[in-house]
Amino acid sequence: MTGIIDYDAGNLRSVEKALQALGEEALITRDRETILAADRVILPGVGSFGDAMERLRHYGLVEVIRQAAGQGTPFLGICLGLQLLFEGSEESPGVEGLGLFEGEILRIPDKAGMKVPHMGWNRLEIKPGTRLFAGIGNGAYVYFVHSYYLKAKEEGQVAASTEYTTHIHAAVEQGNIAACQFHPEKSGSVGLAILKNFITWYQGQNTF
């Protein structure tokens, strides 16, 4: 069973439906014991970094997330869920993130003829050998909706990148934790293949 963390962040049902389309049992929950007992956990999200961290704290989910990640449960962050895994964001100065990865969350730079927020399909430059993108060809297109982007500290953790006014780290992967800035649940067959890869990870291997 995959636990989808419920912190009133929106976009939860579309993730649930995508998992169900793959034959995976999914449960939207904020219950501590359910999350910690899940075979895998997903942290989706859209909206503001600061508001999201406030809700995670309000529901007592910050330590639950850290515990689930630390015990080796396969864990996937999606969109805002990727950003929350880092230490903080330019969007909400002074607000502490979950701190599971090191890096900067920065506003997408303005560029003539290109709109922010970035909304649409972009090509991925995929790092060979990643589990999240196993069997997916380099150059695959996925769907993004975001105004802030990741610049990871450790290049070795970057699983895929894209270009949109700047170089964007589109996905990270280390041990049992992965995250993507784009929306796999809105990225057609490629997105479903990414979610399938996540579902089939062997639990307990390469703990973060």
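Accessible surface of Lys111, taken over heavy atoms with a 1.4 Å probe and every protein chain present, rounds to 110 Å². Within the straight-line cut-off of under 19 Å between alpha carbons, the lysines reachable from Lys153 are Lys127, sequence neighbours fewer than 8 places apart in one chain being disregarded. Rounded to whole Å, give me the distance from the Cα center of region 1-23 to that of region 68-119. Using only Cα atoms to place each centre, the spacing works out to 19 Å. Tally the DSSP beta bridges in the chain and give the antiparallel ones as a percent, rounded to 5. DSSP beta bridges in the chain are roughly 60 percent antiparallel. The packing ranking of peptides 126-135, 169-178, highest mean first, is 169-178, 126-135, where packing means the average number of other beta carbon atoms within 10 angstrom of each residue. With viscosity 1.567 mPa s and temperature 4 °C, the Kirkwood radius over alpha carbon pairs of region 1-89 converts through Stokes-Einstein to a diffusion coefficient of 101 µm²/s.
A straight line joining the Cα centroids of region 47-65 and region 140-177 runs 22 Å. Solvent-accessible surface (1.4 Å probe) assigned to Val145 amounts to roughly 50 Å². Exposure check, 1.4 Å probe, all protein chains in place: Ser14 carries approximately 40 Å² of accessible surface.
Comparing the chain with the 2.2 N^0.38 Å rule of thumb, its C-alpha radius of gyration ratio is 0.93 (two decimals). By the rule of a C-alpha distance below 24 Å, with chain neighbours fewer than 8 residues away ignored, the lysines paired with Lys17 are Lys186, Lys196.
Each Cα pair under 8 Å and six or more residues apart adds its separation to the average, and for region 68-107 the resulting relative contact order is 32 percent.
For the chain, calculate the relative contact order in percent as a whole number, restricting contacts to Cα pairs under 8 Å that are 6 or more residues apart. Can you show the working numbers first?
Values: 465 pairs, mean separation 41.5, N = 208.
Worked out over the chain, it gives 20 percent.
Can you pull out the GluC sites (Glu not before Pro) in region 98-164 whose DSSP state is coil and whose Cβ has at most 16 other Cβ atoms within 10 Å? Those satisfying the criteria are Glu102, Glu154. Note: relative contact order over region 1-43, using C-alpha pairs below 8 Å and six or more positions apart, is 60 percent.
The values are calculated or read from the model by the stated rules, or taken from the named source; none is laboratory data. The structure presented is a predicted model; accordingly, all values stated were derived computationally and were not measured. We place every Cβ from the backbone using ideal geometry, glycine too, and count neighbours over all the protein chains shown. Keep in mind that these areas ignore ligands, DNA and RNA; they rest on the heavy atoms of the full protein, side chains included. Shrake-Rupley method; radii C 1.70, N 1.55, O 1.52, S 1.80 Å.
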